[in-house]
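Working notes for the structure below.
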Amino acid sequence: MQLDISKPISIGSDHAGYEYKQLIADFLRSEGFVVRDNGTHSKDSVDYPDFAHPVATQVENSETVYGILICGSANGVAITANKHPGVRAAICWTEELAALARAHNDANIICIPARFVSIETAIEMVKTFQKTAFEGGRHASRVSKISNC
């Protein structure tokens, strides 16, 4: 299933991901997308859950088509986002992983490690994540077992 890009895209980051968040949001807006920026809004030190939870909540409630979370390693934002029912947040550091996260795992939030990828790679991963459809089939039964509570 292709992502419905008629809805806004939710984005958030901590201080380590602030610059990438700004650049990715600007790129998406230049492509005509509506972006919900959940902060942070500076390089000042902050706590990543304060920004990951709003993005995950918007995805969980289908207010946005998908989410983008950025922090230094992407681990903290991914762990936080994955606490939300229906959220499948995937850490990606290559375009191939972004494609597989969508195609095989039906990921709905891409988590980007700003300290480990270039901004060019980050933008290419977002493009790939956005255009890749979930394959379903054998992957659908696996994905359905993720929320086993």
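Summary of values
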item	result
For Ala103: the one exception among (1) touching a His at 6+ places or on another chain (Cβ under 9 Å); (2) of a type in the set (Gly, Ala, Ser); (3) crowded, with 24+ Cβ neighbours inside 10 Å	(3)
Checking Gly17 against (1) over 21 Å from Arg115 (Cβ atoms); (2) assigned to a helix (DSSP H, G or I), the condition it does not meet	(1)
Members of segment 11-24 that are under 24 Å from Asn105 (Cα atoms) and either more than 15 Å from the chain's Cα centre (by Cα) or without any contact (Cβ under 8 Å) to a residue 60 or more places away in the chain (or both)	Ile11, Lys21
Residue selected from segment 107-119 under the condition surrounded by 21 or more Cβ atoms within 10 Å (Cβ to Cβ) and not hydrophobic (A, V, I, L, M, F, W, C), by the criterion farthest from the chain's Cα centre (by Cα)	Pro113
Residue ID - surrounded by the most Cβ atoms within 10 Å (Cβ to Cβ), chosen from residues in segment 63-91 that are touching a Gly at 6+ places or on another chain (Cβ under 9 Å) and part of a loop (DSSP other than H, G, I, E, B)	Ala74
Test: residue in segment 43-63 that is touching a residue at least 60 places away in the same chain (Cβ under 8 Å), farther than 15 Å from Phe129 by Cα and of a type in the set (Gly, Ala, Ser)	no
The one condition in (1) modelled with pLDDT of 95 or more; (2) more than 14 Å from the chain's Cα centre (by Cα); (3) farther than 12 Å from Asp14 by Cα that Thr64 fails to fulfil	(2)
Given (1) closer than 17 Å to Glu124 by Cα; (2) surrounded by 17 or more Cβ atoms within 10 Å (Cβ to Cβ), number of the condition Ala16 does not satisfy	(1)
In segment 120-147, the residues that are within 15 Å of the chain's Cα centre (by Cα), surrounded by 14 or more Cβ atoms within 10 Å (Cβ to Cβ) and part of a helix (DSSP H, G or I)	Thr121, Ala122, Ile123, Glu124, Met125, Val126, Lys127, Thr128, Phe129, Gln130
Enumeration of residues in segment 21-35 that are of a type in the set (Val, Ile, Thr) and either assigned to a helix (DSSP H, G or I) or out of contact with any Pro (no Cβ under 6 Å at 6 or more places or on another chain) (or both)	Ile24, Val35
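To keep it simple, each residue is scored yes or no on (1) over 23 Å from Thr121 (Cα atoms); (2) modelled with pLDDT of 95 or more; (3) in contact with a Gly (Cβ under 8 Å, 6 or more places away or on another chain); (4) surrounded by fewer than 17 Cβ atoms within 10 Å (Cβ to Cβ).
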residue	(1), (2), (3), (4)
Val34	no, yes, no, yes
Asp44	yes, yes, no, yes
Thr57	yes, yes, no, no
Glu60	yes, yes, yes, no
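The values are calculated or read from the model by the stated rules, or taken from the named source; none is laboratory data. The model shown is predicted, which means the values in this text are computed figures rather than measured ones. So basically every Cβ, Gly included, is an ideal-geometry build from the backbone, and we count neighbours across all protein chains shown.
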